[in-house]
Amino acid sequence: MNGVFDLGGTDGLGRIGPTPAEPPFHHDWEKAAFTMQLGCFRGGWFSIDSFRHGIELMDPVVYLSSPYYEHWLHSFEHHGITKGHLDRAELDRRTQYYLDNPDAPLPAHEPDPELLEFVSAVVSAGAPADRPTDKPIRFQVGDLVRVRSVAPFGHTRMARYVRGKVATVVAHRGSFVFPDASGNERGEDPQHLYTIQFDAAELWGEEHADVNTSTTFDAWDPYIEPVSEHGGVTA
Amino acid sequence: MNDVNRTQQEIAARVKALESMMIEQGLVTTEMVDHYVEIYENQVGPQLGAIAVARAWTDPGFKARLLENATEACKELGIGGMQGEHMVVLEDTDDVHHAIVCTLCSCYPWPVLGTPPNWYKEPQYRSRMVREPRKVLAEEFGFSIPDTTEIRVWDSSSEIRYWVLPQRPPGTEGWTEEQLADLVTRDSMIGVGPARAAS
């Protein structure tokens, strides 16, 4: 989908304001939100791709102006409600209750050693996204490719600022879960993944590009098509 | 509740409401929150990436393995896991300086850098770093790269997690790995700053 989350090349957003160091969490609610993501994974509420899509579906005004972990909250709610894990009216009722009684306790519950083991296992092992495929490797390092000039609905990682632009393949990374499938609840459909490199002048025009700069982008096979030496797309 | 412009109190209440429902479904416990948060507050952070960088600066064999397959090489140091399942390390030289960004969300190599700082996740860095990296580095980070050095910005659009092997500061010949690791900053592994100078 074409949305405001797709920020590459957007102008006018202002200063960056970097910090030399930051605590991982700025508010207590962020700690709970951070952890609930693992709970949702464990409960099968979403894949990493559909989690990202849940964020992309946020009101764009809220997206641009809200604290980061609030984005996560929106995705938890979106998937929880649309997939039947949460009742919105009950969530609203409890929200009002905790707004009126901010110090009211959470429901009493027993520790669950399995959840702690789950956290430790996920942190140390992660969740690899590479998957085998018998699809052919279409591109070699050095090949010229053009990112397709299309605007898909739903989740995609084909950022707008690279669409239609020509790049050079600099690496084949293997085959990976395809976000355009996984993020739209259509299975994993593994595809080859390539790193492609754009000259800044190709992306922004010679007169607007920073001198001597380039950008690389990871593109799944269906995002790109071959370009002949004369610049045309080959059949 | 209106979705727009929630206050911190409203967000906190919403989170607590959702947490209460997930607790009842057996998906979260308060102990789990404490355990998970403790890992990223106290165990996993840029001090781990610094260890890997210092090793690469002193051990050519390790450096070669790190550049060949960062995920496997980092396992030798007990470093790896979530959001670093597929890591690729980019070596800075006099000819090329590397920097990372995620224009679409906030992808970041957690096992070596911890969770990302807010500025990395916010719209300003994500929008500008691919558009005007030389200006961003100079004006926002005070990091001037000579025009003769290419700036290569890596947009982390897939599950590959990129990070930077900065240049070893001059005047550190004979330093121990521990001394060198103290020079390696979070920003130098993102590519928005150099390693600290020897003093």
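For the charge dipole of the protein assembly as shown, defined by +1 on Lys and Arg C-beta atoms and -1 on Asp and Glu C-beta atoms about the Cα centroid, which residue among A:Gln37, B:Ser158, B:Asn118 has the Cα displaced farthest towards the positive pole?
Checking the options against the dipole of the protein assembly as shown, the answer is B:Ser158.
Once every DSSP H run of n ≥ 4 in the protein assembly as shown is given -39500 (n - 2.57) and the sum is divided by its residues, what mean residue ellipticity at 222 nm do you get, rounded to the nearest 500 deg cm²/dmol?
Calculated from helices alone, the mean residue ellipticity at 222 nm is -10000 deg cm²/dmol.
Round to a whole number: what % of the accessible area of the protein assembly as shown belongs to carbon and sulfur, probe 1.4 Å?
Its accessible area is 50 percent carbon and sulfur atoms.
Is there a quick way to get the dipole size of the protein assembly as shown? I mean about its Cα centre, with the Cβ of Lys and Arg at +1 and of Asp and Glu at -1; what is the value in debye to the nearest 20?
Here the size comes out at about 660 debye.
Using a Förster distance of 56 Å, how high is the FRET efficiency between A:Asp92 and A:Val170, based on the Cβ-Cβ distance and rounded to 0.05?
0.70
So, R0 is 25 Å and r is the distance between the beta-carbons of B:Gln179 and B:Ala138; what FRET efficiency does that work out to, to 0.05?
Once the sixth-power term is evaluated, E becomes 0.30.
From the phi of every residue in the range B:179-188, what ³J(HN,Hα) in whole Hz does the Karplus formula 6.51 cos²θ - 1.76 cosθ + 1.60 yield, where θ is phi - 60° and glycine or proline is x?
Each residue's phi maps through the Karplus curve to give 4, 5, 4, 5, 8, 8, 9, 3, 4, 5 Hz.
Averaged over A:36-47, how many beta carbons belonging to a partner chain fall within 10 Å of each residue's beta carbon?
Mean inter-chain Cβ contacts per residue within 10 Å come to 4.
Could you check how many percent of all C-alpha pairs in the range B:1-144 are farther apart than 18 Å?
Summing the P(r) of the range B:1-144 above 18 Å gives 70 percent of all pairs.
Amide H to amide H under 5 Å from B:Arg131: which residues, 5+ apart in sequence or cross-chain, H placed 1.01 Å off N in plane?
Amide H neighbours of B:Arg131: A:Gly9.
On a full-extension model of 0.36 nm per residue, what is the gain between A:Glu206 and A:Glu110, subtracting their alpha-carbon distance, rounded to one decimal in nm?
Here the segment from A:Glu206 to A:Glu110 would lengthen by 28.3 nm.
With charges only on Cβ, +1 for K and R and -1 for D and E, what is the dipole size of the range A:143-226 about its Cα centre, in debye, rounded to 20?
The dipole magnitude comes to about 180 debye.
Place +1 on the Cβ of every Lys and Arg and -1 on the Cβ of every Asp and Glu in the protein assembly as shown, take the dipole about the Cα centre, and give the residue among A:Leu193, A:Ile137, B:Leu27 whose Cα lies farthest towards its positive end.
A:Ile137
With a 10 Å cut-off between alpha carbons and a GNM built on chain A, which of A:Arg42, A:Arg94, A:Arg15 moves the most?
Looking only at A:Arg42, A:Arg94, A:Arg15, the largest GNM fluctuation is found for A:Arg15.
Could you work out how far apart the two model spin labels at A:Phe153 and A:Arg138 are, taking each label as a point 7 Å from the Cα in the direction of the beta carbon, and quote it in nm?
Placing both labels 7 Å along Cα→Cβ, they lie 2.4 nm apart.
Over what distance in Å are the Cα centres of the range B:23-98 and the range A:154-195 separated?
Using only Cα atoms, the two centres lie 24 Å from each other.
Leaving out ligands, DNA and RNA, calculate the buried accessible area for the pair B and A with a 1.4 Å probe, summed over both sides, in Å² to the nearest 100.
In total, this chain pair buries about 8700 Å².
For the range B:49-190, with the dipole built from +1 on Lys and Arg beta-carbon atoms and -1 on Asp and Glu ones, taken about the Cα centre, which of B:Val53, B:Pro169, B:Phe143 lies farthest toward the positive end?
Checked the options; the winner is B:Phe143.
What is the dipole size for chain B, taken about its Cα centre, with +1 at each Lys and Arg Cβ and -1 at each Asp and Glu Cβ, in debye to the nearest 20?
My answer is approximately 400 debye.
Starting from the amide H of A:Tyr194, placed 1.01 Å from N in the peptide plane, find each other amide H under 5 Å away whose residue is 5 or more places distant or on another chain.
Close amide H contacts, sequence-distant or interchain: A:Arg173, A:Ala219, A:Trp220, A:Asp221.
Among A:169-176, A:3-10, how do they line up from the highest to the lowest mean number of other beta-carbon atoms within 10 Å?
A:3-10, A:169-176
For B:Phe143, A:Phe198, A:Phe41, write out the residues from largest to smallest accessible area, computed with a 1.4 angstrom probe and no ligands counted.
Accessible-area ranking of B:Phe143, A:Phe198, A:Phe41, largest first: A:Phe41, B:Phe143, A:Phe198.
I'd like the Karplus ³J(HN,Hα) series for the range B:88-97: coefficients 6.51, -1.76, 1.60, θ = phi - 60°, whole numbers in Hz, and an x wherever there's a Gly or Pro.
Going residue by residue, I get 10, 9, 10, 8, 6, 9, 5, 8, 9, 10 Hz, with x marking Gly and Pro.
Could you give each residue of the range B:54-70 its phi-based ³J(HN,Hα) in whole Hz, using Karplus coefficients 6.51, -1.76, 1.60 with θ = phi - 60°, and x for Gly or Pro?
4, 5, 5, 5, 10, 10, x, x, 5, 4, 4, 5, 5, 6, 6, 7, 5
For chain A, set up a GNM with springs between Cα atoms under 10 Å and report which of A:Glu110, A:Glu30, A:Glu188 has the largest fluctuation.
So, out of A:Glu110, A:Glu30, A:Glu188, the one fluctuating most is A:Glu110.
So if each residue of separation counts as 0.36 nm, and I subtract the Cα-Cα distance between A:Thr82 and A:Ala121, what length gain in nm does that give?
Between A:Thr82 and A:Ala121, full extension yields 11.2 nm more.
Build a GNM of chain B with springs between Cα atoms under 10 Å: which of B:Gln25, B:Gln179, B:Gln43 gets the top mean-square fluctuation?
B:Gln25
Please compute, for peptide A:99-105, the average count of beta-carbon atoms on other protein chains lying within 10 Å of each residue's beta-carbon.
The shielding value for this peptide is 3.
What are the residues whose amide H is under 5 Å from the amide H of B:Tyr162, where those residues sit 5 or more places off or on another chain and H is modelled from the backbone?
Answer set, sorted by chain and number: B:Val88.
What average number of partner chain Cβ atoms lie no more than 10 Å from the Cβ of the residues making up A:203-213?
Partner-chain Cβ atoms within 10 Å, mean over residues of A:203-213: 5.
The values are calculated or read from the model by the stated rules, or taken from the named source; none is laboratory data. Predicted, not measured: the structure shown is a model, and the values here were computed from it. Note that each Cβ is placed from the backbone with ideal geometry, even for glycine, and that neighbours are counted across all protein chains shown. Calculation scope for accessible area: heavy atoms of the full protein, side chains included, ligands and nucleic acids excluded. Shrake-Rupley method; radii C 1.70, N 1.55, O 1.52, S 1.80 Å.
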